[in-house]
Amino acid sequence: MASEKIYDVVATVGSYTDRTTGKEKNRYRTVGAIMEITPANGGKYHILLLDKTFNPAGLADPQHESIILNLFKPERQQQQPPAAQPADPGHQAAMTAQAPMDDDVPF
């Protein structure tokens, strides 16, 4: 059975005032995911996974009887660039070679 996250489930959990622009902006939290499941026998179905710690009652708005959760396509994580290699291979050898530790350290 294969599974793939097709949406992030995001809730607006508050707001704040941007210090530089003075505009009010929303504060968001990813609270779950919509997964597409492909069983070995074929077909597809979707499931909703919610974080255990997410409490929808905390988003209660007295003017509305329901809450809104947004669905966004997940951002694909970019691969990490390879670690930088020193231009001088001799430098690498010098860095890995250790000097003998037979000195007396005066403490």
Worksheet item: Taking the Cα centre of the range 2-74 as origin and charging only Cβ (+1 Lys, Arg; -1 Asp, Glu), how large is the dipole, in debye to the nearest 20?
Response: 240 debye
Fill in: Pairs of lysine residues in the range 2-74 - Cα separation under 29 Å, sequence separation of 8 or more or cross-chain
10
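Peptides 40-49, 25-34, 10-19: what's the order by average Cβ count within 10 Å, highest mean first? Provide the component values of the computation, followed by the final result.
Working: 40-49: 8.7, 25-34: 14.5, 10-19: 11.9.
Packing order, densest peptide first, comes out as 25-34, 10-19, 40-49.
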Fill in: Sum of side-chain charges, residue 15 neighbourhood, beta-carbon under 13 Å (Lys, Arg +1; Asp, Glu -1)
+1
Worksheet, complete the sentence: In nanometres, the difference between 0.36 nm per residue of separation and the alpha-carbon distance of residue 2 and residue 45 is 14.4 nm
Worksheet item: What FRET efficiency, computed as 1/(1 + (r/R0)^6) with R0 = 25 Å and r the Cβ-Cβ distance, is obtained for residue 16 and residue 65, rounded to the nearest 0.05?
Response: 0.45
Worksheet item: So what is log10(I(q)/I(0)) for the range 2-74 at q = 0.16 1/Å, when the Debye sum runs over its Cα atoms only?
Response: -0.70
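FYI, it's all coordinate maths here, none of it is from the lab. What you see is a predicted model; the values in this text were computed from it and never measured. Note that each Cβ is placed from the backbone with ideal geometry, even for glycine, and that neighbours are counted across all protein chains shown.
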